[in-house]
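Just so it is clear, none of the values below were taken in a lab; they were calculated from the coordinates. What you see is a predicted model, and the numbers here were worked out from it, not measured in a lab. Cβ sites come from the backbone with ideal geometry, for glycine too, and all protein chains shown count toward neighbours.
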Amino acid sequence: MKSRPLLVKNIKHVIFICLASIFAGMIYQMLSEGFIDYNAFVVGLWIGLGFSLFKYFFTPKLNKAIRTFSLISKITIKAFAYSILIYFLSNFSGLIGGLIQGKSWTEFYVSLYSTTQLYLIIYSLIIFSIITFIFHISSLLGKGVLINLLMGKYHKPVQEERIFMFLDLCSSTTIAEKLDPFEYSSFLKDFFLDIDDAVVESKGTIIQFVGDEVVIVWKIKDGVERNNCIRFFPLAKSRILRKKQYYIDKYGVIPKFKAGLHYGKIVITEVGNAKQEIAYHGDTINTAARIRSECTNFKKDLLISAELLSLLENIDIKYYVESVGIVSLRGKKNVIGLLAIQKKGIKTGIK
């Protein structure tokens, strides 16, 4: 069963697809018939729902089956699959609508080969290709980045508070030496993919991948809610453990990771021209990275700053909290209080 945040995310996508499909249906009917009636709404909604079901239940399996194909082959296969889907859905809705209006089976059979049907398929294919492209670009940029770029929210630097986590693999050098470059790249890809659901479930956002490191950020409200910024870590661990045998069989090693957490004020702004992105600047980010580095020194999986811990409530109900002392972080003048966090019932300690 999908977690609530994942379910909410999927529902939002379905609503967007259906609304876009209904709007596209109205435009098509206006252009082809010169008026708009309930048929545009019904057909648009039906095709939108069908496309959503296909996207979430069959597209992942299709992607897995054609993952080694060239890009042009993938596009061609998906376009063919979408065309069949749209042809079926549009004709099924036409059949139901025709029966309601009292049309004969002969009229329905003739409509299957009409030029109108061909135009509808081509039009729908273009619309859903655009929708798929939007989702793909949004996924590449990260949650909320596309809309923020379009709206120009961070066109000028804005100061906000965020929670940052720097997470990286333990013994990554040893693993990289054991595997060839392609295997190691595949190992990292699998690892990042497997922890992605935990990021979404904890309402975080991945903003950067650097080698074997991933940077995750939370808005203060989202990170504090249900202690999400802490909850992510055991969620990610459990997902890796579920695929323990997969990693052993394929790579001969199970991913282990460590992370550091801190919060504070940072500046968010758009950077770049040829390649634009949302960038985060500030000492908070450097501090979170330094805290992560201390995990090895203290032999702890997860370290958190005392400042961030003060925002969290009822943390001791599900987690063990151990102070490791007041630490002077490398490259920083001020000292900071650090605490190790471990979910009750889960072993800790890195190697």
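Observations
- Selection of trypsin sites (Lys or Arg not before Pro), the stretch 232-332, meeting DSSP coil and at most 11 other Cβ within 10 Å: LYS275, ARG330
- Residue pairs, from the table LYS189/LYS219; LYS178/LYS256; LYS78/LYS237; LYS203/LYS237, whose Cα atoms sit over 22 Å apart: LYS189/LYS219; LYS78/LYS237
- Only Lys, Arg (+1) and Asp, Glu (-1) charged, at Cβ; the stretch 198-261 dipole about Cα centre in debye: 240 debye
- Between the listed residues LEU179, ALA306, GLN245, the Cα displaced farthest toward the positive end of the dipole of the stretch 145-343, a dipole computed from Cβ unit charges relative to the Cα centre, is found at ALA306.
- Net charge contributed by nearby residues that have their C-beta within less than 10 Å of PHE166 (K/R +1, D/E -1): +1
- Sorting CYS229, CYS170 by the number of Cβ atoms found within 10 Å of their own Cβ, with the fewest placed first, yields CYS170, CYS229.
- For the stretch 145-343, the Cβ-based charge dipole about the Cα centre amounts to some 260 debye (Lys, Arg positive; Asp, Glu negative; other atoms uncharged).
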